[in-house]
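Okay, structure first, notes after.
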Amino acid sequence: MKHFLILSFFHFFILSAASAQKNDDIWLDINGVRDLTADSIAFANQARPVPGSSRKGNNPVLFLIGNSTMRTGTMGNGNNGQWGWGYFEHEYFDENKITVENHALGGTSPRTFYKSPDLWKRSLSGVKAGDYVFLELGHNDNGPIDEIRARSSYRPDGKLSIADDSIIIYNKVTQRQDTVYTFGGYTRRFINEVRAKGATPVLFTLTPRNTYEADGKTIQRKLTDFTPAIFAIGKEMNVPVIDLNDISAKKLEQYGPWKTDYHFFLDKIHSSAFGAKMNAASAAEGLAKCDDPQVAVLKTYLIPEKVFPNYEEKLLAWEPNNYNKKGEVIPKTKTAEQKKSAVRIFLCGDSTGKNEDKNPDGMWGWGSQGYTIFDESKCTFINCAKAGRSTRTYLNENRWEEVYQTLRPGDYVLIQFGHNDIGGIDKDKERGVIPCAEDSCKVFKSKNSGKYEVVYSFGWYIHKMIVDAKEKGAIPVILSFTPRNEWPKGKIERRNNNYIPQWDAKVAEENGCEFVDVHNISADFLDKKFSRKDGDAAKAKQEASIYFNHDHTHTSLLGARNNAQSLAKGLKAIKSPLCQYLK
C-alpha cells in the first residue's frame, strides 16, 4: 500500500535524516531533536504525563513503560502517522477504579530507558504500593554497545543473555565510562525496583513485526529471541508474562498480507492507529486470560464489554420494523433463534439507507424497506446504515467493526457510500476522504480536535470492507449511491462521469465483487416519469419531489421503496446469488 504524508513533514524527515548521516550524529526525530539527549527528553516530558498525576484518591495507577511500539515519536501524538498501543490502552480499564499513564518513549531500549534519570527514575517516582507497571522493552536492544545510539545491552558471546551480568566500556556517545548490563540484568532491575515500591510488575513480549515466513501466511516469530528470554525471567522471578507477540501475530495471520500492511506505517515495526489499537486490545485480552494471582485484582478493573465485546448479541437484539404503505408499523414475530440461524443480509451506508424511518411524511432510507424485496422466511435483513456517515466516519465510529465481528460464512454485506465522502477532510464535518479509487493515504491534523489522523482514499475504505467481509466468509456486494433530485436541462442528474460510481465499479471489479448500479437504475425510473423535453429543470424537480424529502438527496417513503426496488432489479439483472432471497 502506498503511503503519502504531509509534504512539510516528509521533507523535514528526509533532510533531518540526511543531516544526521552526514554529520555521523545521532538520528534526529520528527521534532528536530536528538533521541535520548537531555534536550529531546525534556521536550518529550512535555507530552509524557507527570508520574502519578492521574491518580484518583487512593486508586491505583497503571504505568506503561516501553519504546516506540508503545509511544511513537517524541510527542506520541501520531503526527507521523504512527501510533503506539499505550495511547489506546486506557480504553480497556474502568477509570473510576484505575487510571493508565503512558510513560513510554520512542527510541529507548531497556538500557537507555533505565539509565536516564528523566525516564525510569522519573516514572518510578510516581509509583506507589498497589500500582501496576507494564514493561515492554526490547525492540531497540540492538546495534553497537559503545557508539551510534549505544543502546544495546551487554551480550556475552554475542547472544542475548538473561543472566545478571555486566561489562564496563567507554561510551563514545556520552564520552564517559559506562557499565552495561545484560538484557536480563536490566529487566531484573526494573522488576526489583517496582516491587520495592510495593507495586506489581507485568512483563510483555514484544509486538510482532510485519514479516512473514516463506509460506506468506505465518508471521515470523523467530526474528527475536526476546520471547523465550522474557518468559524465562518471568518464571525465575515469579512475574506475570503476557505474550503480546503471539496474540497479535495470530490476528495478523488471520488478516493476510494486505490487511497486515496497513496495521503498520512507514516500516515493518511501527504501527498505524489500526495496529496500535490491535496491540492494545491484545494486551487487554492477554491480561484477562492470565491466571497469575498477582493480576487477579487488576483484571477486575478491566471493562469486560470492551475486552470481549459481544457484537452478535447486540445485533440479535435489533428488531426491524415493517411498514404498510402509509408508513404505519407492522409488528414482527421473528424470534432471536430464527434471526440467528438465517442467512443475514447487512446494509452498511448513510442516510439514504437509514434515516428517521418513522414519520410517514418524513425522511426515509431504503433499508427500512428491505422487507419489501427480501423474503424474510429465507433471510434476515439488518440495516446497519447510519445517517451522516462516510466510509471514513463509519469506520472511525466502530460501526464497521460491529458488522465485521458479527459476520459468518454465507452472510451478505451490501456496501453503499458516497454522498458524504467528498467534503472537508480536516475541516467542516471532517468526514471527507482522499478522492480516488486507488489505495492511498495522508496524515491530516483535525482543525476541530487538533488531533492527527491518517485519512485514506474512498477506494481504500471500500477495499478494506471487502477484504474484511471475505475474511469472515461473507459475500460483499458494492452498490452505487442513490441519485439526487437535480434535473439539469430537464433530465435527472447522472454522476456517471463523476468520481463515486466509477470508483465503486473499479474497486468491485478489482476485488471480484458484484456491483449493482442503483444510481442509474433509480435514475432511469425517475427520468422516465419526470424528464422534460422543454428542459424545464425546475418543473421536473418539483414533480419528482414526491420521491424526495427535505432536500435533493434524502428520500420520502415512496423514494425509499423505489430505491429498494432498484436494488432488486439490479440483482436480477446480474443474476446475483442474492436473488434466491428476493420475494
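The values are calculated or read from the model by the stated rules, or taken from the named source; none is laboratory data. Since the model is a prediction, treat every value here as computed from it, not as a measurement. Positions of Cβ are backbone-derived with ideal geometry, glycine not excepted, and every protein chain shown enters the neighbour counts. These area figures cover heavy atoms from the full protein model, side chains too; ligands, DNA and RNA do not enter into them. Shrake-Rupley method; radii C 1.70, N 1.55, O 1.52, S 1.80 Å.
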- Subtracting the Cα-Cα distance from 0.36 nm times the residue separation, let me have the gained length for ASP118 to ASP267 in nm, one decimal. 50.8 nm
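Give, as a single signed number, the net charge of other residues whose beta carbon lies under 9 Å from the beta carbon of GLY473, with Lys and Arg counted +1 and Asp and Glu -1. Don't skip to the end; give the middle numbers.
Working: positive: ARG408, LYS470, LYS472; negative: ASP411, GLU471.
Charge balance in the 9 Å sphere: +1.
What relative contact order, as a whole-number percentage, does the chain give when Cα pairs under 8 Å and 6 or more residues apart are counted? Write out the running numbers ahead of the final one.
On the way: 1181 pairs, mean separation 63.5, N = 583.
Relative contact order for the chain comes out at 11 percent.
What pairs in LYS506/LYS529; LYS326/LYS464; LYS358/LYS378 have C-alpha atoms more than 32 Å from each other?
Values: LYS506/LYS529 30 Å; LYS326/LYS464 39 Å; LYS358/LYS378 26 Å.
Those over the limit are LYS326/LYS464.
For VAL241, what charge total do you get from the other residues with a beta carbon under 13 Å from its beta carbon, if Lys and Arg give +1 and Asp and Glu give -1?
Working: positive: LYS235, LYS289; negative: GLU136, GLU236, ASP243, ASP246, ASP291, ASP292.
So the surrounding residues net to -4.
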- Query: Counting only protein heavy atoms, what percent of the accessible surface of segment 176-221 is carbon or sulfur at a 1.4 Å probe?
  - Reply: 42 percent
- Query: Suppose every K and R has +1 on its Cβ and every D and E has -1 on its Cβ; what is the size of the dipole of the chain about the Cα centre, in Debye to the nearest 20?
  - Reply: 980 debye
- Item | Amide proton proximity set for TYR212, modelled H, under 5 Å, gap of 5+ | GLN220
- Item | At R0 = 51 Å, FRET efficiency that the Cβ-Cβ distance of ASP428 and THR179 yields, to 0.05 | 0.35
- Give, in nm to one decimal, the length gained when the segment between GLU253 and ARG494 is fully stretched (0.36 nm per residue of separation minus the Cα-Cα distance). 82.5 nm
- Query: Quick one: if you take sqrt(5λ) for each eigenvalue of the C-alpha gyration tensor of segment 105-186, what semi-axes come out, biggest first, whole angstrom?
  - Reply: 23, 15, 12
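List the pairs from LYS306/LYS447; LYS97/LYS250; LYS251/LYS277 whose alpha-carbon separation is above 22 Å, in the order I gave them. Each step should come with its number before you reach the end.
Working: LYS306/LYS447 29 Å; LYS97/LYS250 31 Å; LYS251/LYS277 12 Å.
Cα-Cα > 22 Å for LYS306/LYS447; LYS97/LYS250; rest within.
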- Name the long-range amide H neighbours of THR380: under 5 Å, sequence gap of 5 or more, or other chain; modelled H, no Pro or chain starts. VAL343, ARG344, ILE345
- Among PRO208, LEU252, PHE226, whose Cα sits farthest toward the positive end of the charge dipole of segment 201-281 (+1 at Cβ of Lys/Arg, -1 at Cβ of Asp/Glu, about the Cα centre)? LEU252
- Query: What residue among ALA296, GLN502, ALA280 has its Cα farthest toward the positive end of the dipole of the chain, where the charges are +1 on Lys, Arg and -1 on Asp, Glu, each on the Cβ?
  - Reply: GLN502
- Task: Report ASP165's accessible area, 1.4 Å probe, all protein chains in place, as a number in Å² to the nearest 10.
- Result: 70 Å²
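Convex hull volume of the Cα atoms in the chain, per residue, in Å³?
On the way: hull volume 100.7 nm³, N = 583.
Taking only Cα atoms, the chain has a hull volume of 173 Å³ per residue.
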- For segment 152-157, Karplus-derived ³J(HN,Hα) couplings (6.51, -1.76, 1.60; θ = phi - 60°; whole Hz; x for glycine and proline) come out as 6, 7, 6, 10, x, 6
- Query: Of LYS541/LYS583; LYS325/LYS572; LYS299/LYS429, which sit over 30 Å apart, Cα to Cα?
  - Reply: LYS541/LYS583; LYS299/LYS429
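Keeping the other protein chains in place, figure out the carbon and sulfur percent of the accessible area of segment 48-99, with a 1.4 Å probe.
Working: 750 of 1660 Å².
Looking at segment 48-99 in its full context, I get 45 percent from C and S.
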- Item | Accessible carbon and sulfur surface of segment 500-583 relative to its total accessible area, %, 1.4 Å | 51 percent
- Most positive-pole-ward Cα, GLY410, TYR456, GLY432, against dipole of segment 387-460 from beta carbon charges: GLY432
- Message: Taking θ = phi - 60°, what integer Hz values does the Karplus form 6.51 cos²θ - 1.76 cosθ + 1.60 yield along segment 458-470, in sequence order, with x for Gly and Pro?
- Response: 4, x, 5, 4, 5, 4, 4, 4, 5, 4, 4, 4, 5
- Query: To the nearest Å, what is the center-to-center distance of segment 387-455 and segment 221-264, using C-alpha atoms only?
  - Reply: 30 Å
- Message: Per DSSP helix of 4 or more residues, -39500 (n - 2.57); summed, then divided by the residues of the chain. What does that give at 222 nm, rounded to the nearest 500?
- Response: -9500 deg cm²/dmol
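State the three equivalent ellipsoid semi-axes of segment 481-583, derived from the C-alpha gyration tensor as the square roots of 5 times its eigenvalues, in descending order and whole Å.
Details: eigenvalues 135, 53, 25 Å².
Semi-axes, largest first: 26, 16, 11 Å.
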- Got a number for the accessible area of THR205? Probe 1.4 Å, square angstrom, nearest 10. 0 Å²
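Just the accessible area per residue of the chain, please: how many Å² with a 1.4 Å probe? Let's see the in-between values first.
Numbers: 25310 Å² over 583 residues.
Here the residues of the chain average 43 Å² of exposed surface.
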- With label points set 7 Å from each Cα along the Cα-to-Cβ direction at LYS572 and GLU397, the distance between them in nm comes to 3.4 nm
- So ALA163 and LYS97, fully extended at 0.36 nm per residue minus their Cα-Cα distance, gain in nm 20.0 nm
- Mean projected area, convex hull of alpha-carbon positions in segment 224-303, reported to one decimal in nm², is 6.1 nm²
- Item | Vicinal HN-Hα couplings computed from phi for segment 558-565 (Karplus, 6.51 cos²θ - 1.76 cosθ + 1.60; Hz; Gly/Pro x) | 5, x, 5, 5, 5, 5, 5, 5
